[in-house]
1. If you go through the stretch 268-311 one residue at a time, how many are closer than 24 Å to Leu446 by Cβ and touching a Gly at 6+ places or on another chain (Cβ under 8 Å)?
2. If Gly57 meets every condition in (1) modelled with pLDDT of 90 or more; (2) closer than 30 Å to Gly130 by Cβ; (3) assigned to a helix (DSSP H, G or I) apart from one, which number is that one?
3. Against the conditions (1) within 30 Å of Leu177 (Cα to Cα); (2) surrounded by fewer than 21 Cβ atoms within 10 Å (Cβ to Cβ), where does Gly142 fall short? Just the number, please.
4. Conditions: (1) at pLDDT 85 or above; (2) in a loop (DSSP other than H, G, I, E, B); (3) under 18 Å from the mean Cα position of the chain (by Cα); (4) surrounded by fewer than 20 Cβ atoms within 10 Å (Cβ to Cβ). Phe394 meets all but one. Number of the miss?
5. Could you grab me the full set of residues in the stretch 121-151 that are aliphatic (A, V, I, L, M) and either without any contact (Cβ under 8 Å) to a residue 24 or more places away in the chain or assigned to a helix (DSSP H, G or I) (or both)?
6. Among the residues of the stretch 152-193, which ones are among the aliphatic types (A, V, I, L, M) and not in a helix (DSSP H, G or I)?
7. Specify the residue that is surrounded by the fewest Cβ atoms within 10 Å (Cβ to Cβ); the eligible residues are those in the stretch 292-337 that are assigned to a loop (DSSP other than H, G, I, E, B) and in contact with a Lys or Arg (Cβ under 8 Å, 6 or more places away or on another chain).
8. Looking at this structure, is Glu340 of a type in the set (Asp, Glu) and surrounded by fewer than 16 Cβ atoms within 10 Å (Cβ to Cβ)?
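The values are calculated or read from the model by the stated rules, or taken from the named source; none is laboratory data. The model shown is predicted, which means the values in this text are computed figures rather than measured ones. All Cβ positions, glycine included, derive from the backbone under ideal geometry; neighbour counts span all protein chains shown.
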Amino acid sequence: MPGLLLADLLALEASLLLGYATREVLGFWFPAKVPLEVLRSVSLALLIFPFGYALAGLYPGYGLVPVERVRRQVQLTFVSFLVLISWEWLFLREGWSRGVLGLAMGYALVLVPLMAALAREVLVRLGAWGAPVVILGAGKSGALVARSLRADPVLGLRPMGFLDDDPGRWGLEVEGLPVLGGMGLAQDLAQRGLRHAVLAMPGAGREKLTRLLQELPFPHILLIPDLFGAQSLWVSSRDLAGVLALEVKKNLLLRRNRLLKRALDYLLGLPLFLISLPFLALFALWIKRVSPGPAFYVQEREGLGGRTIRVWKLRTMYPDAEARLARYLEENPEAKAEWERFFKLRKDPRVLPGVGHFLRRTSLDELPQLFNVLKGEMSLVGPRPFPRYHLEKFSPEFRRLRASVLPGLTGLWQVSARSEGDLEVQEALDTYYIRNWSLWLDLYILARTVWVVFTRKGAY
């Protein structure tokens with residue numbers, strides 16, 4: 001797709017220029033000068049990278065979730081630069097600069113996914129992103145698929161209608177989309193250029209599903225199995241002597257993955273904690289100027305294994321916050337209903353003016369929890385540690401699932417729904433994170449957290 005190709009090329013060439021400029025700035029580490037003419041041949045070599053992206057299915061990449069897309073981009077970019085560096089070392093010797101290539105690789109690992117994500121957002125807003133898809137089956141499963149695809153336009157699959165063999169549904173609308181007719185219309189749609197279909201009839205039976213998969217004329221068919229609630233990332237198909245099997249990798253049960261996640265916490269958490277110290281001091285002075293009392297406070301939350309942990313936060317509320325909340329909820333029935341659904345209020349009478357609203361909108365009141373991360377009580381990414389009154393609203397099964405991992409400073413709920421997500425959304429997103437964990441998912445959530453903090457989306 002031209003837009004994505006252009007974004008990748010701009011990111012790669014910008015990475016090369018930044019790598020060259022950085023090497024020049026750090027000239028005392030690299031005594032030998034690199035002629036500017038070297039950039040010309042390297043920039044031409046970078047034009048080969050998009051061929052690898054295309055072979056990996058990234059153009060256009062419809063149907064790839066962001067985590068999988070980032071994983072492919074980073075891995076391919078890393079391997080491609082290693083090939084260039086090896087080529088320079090083995091054959092050119094003094095032709096290119098390995099220092100420039102190494103620095104350019106570091107920039108590209110960040111800029112390529114970033115520019116591609118921005119390009120997709122622009123294409124979505126222009127209505128130029130995505131392929132139409134027909135959903136086969138207008139029942140509950142089909143409705144869920146339609147709702148999910150419309151909620152995530154960046155995925156690139158745009159539902160345009162349903163096919164269903166039940167004549168009673170023909171002409172009706174499901175999730176705002178028409179039921180076009182029976183399965184017999186599939187051939188006509190394929191002849192008109194439709195290439196994607198989702199077979200969402202998990203209860204249809206093996207024989208009917210097998211027949212449909214053989215007869216449907218679409219080159220791309222996604223089959224929705226009767227496995228709702230199971231993990232969906234890091235699942236691969238396997239051939240067991242002619243029998244189709246799904247291999248499910250439960251990543252967080254592997255000790256090496258837990259150690260890798262912990263290493264990431266220290267690798268990023270320690271420098272972030274040191275950088276945050278002057279900001280914490282500034283915010284503490286601001287808080288004390290607005291409201292007498294301590295600038296920090298501690299809450300007891302539930303951590304790994306259900307153990308109680310003491311979570312640190314910057315104080316964003318009045319010292320008599322609970323009394324203020326009780327009076328406000330008693331006087332405002334609508335606010336009480338909002339509180340019981342979200343455990344948050346858009347107009348919270350407890351929040352300090354100025355500093356309190358700023359810290360909560362940016363989520364910077366959570367910065368002291370970097371100390372909890374370094375203590376090993378929390379992780380940078382995970383389900384947020386809720387108070388017990390909040391946890392009591394969830395089912396025992398979900399509470400056990402949450403208690404199986406470290407709570408996080410940020411999480412999938414924070415970067416997806418934030419304060420706009422009710423208890424059902426919180427449970428769904430936390431469950432998805434725990435069952436689909438990978439290092440790539442953590443890195444994606446951390447990158448999204450930076451974006452959410454700057455845009456202040458969904459926080460109050």
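1. The total comes to 1.
2. Status for Gly57: all satisfied but (3).
3. Tallying (1) within 30 Å of Leu177 (Cα to Cα); (2) surrounded by fewer than 21 Cβ atoms within 10 Å (Cβ to Cβ), Gly142 fails exactly one: (2).
4. (3)
5. Correct list: Val122, Leu123, Val124, Leu126, Ala143, Leu144, Val145, Ala146, Leu149, Ala151.
6. Residues satisfying the conditions are Leu157, Met160, Leu163, Leu172, Val174, Leu177, Val179, Leu180.
7. For the stretch 292-337, the residue satisfying everything is Gly293.
8. Numbers: of a type in the set (Asp, Glu): yes; surrounded by fewer than 16 Cβ atoms within 10 Å (Cβ to Cβ): yes.
It is true that Glu340 is of a type in the set (Asp, Glu) and surrounded by fewer than 16 Cβ atoms within 10 Å (Cβ to Cβ).
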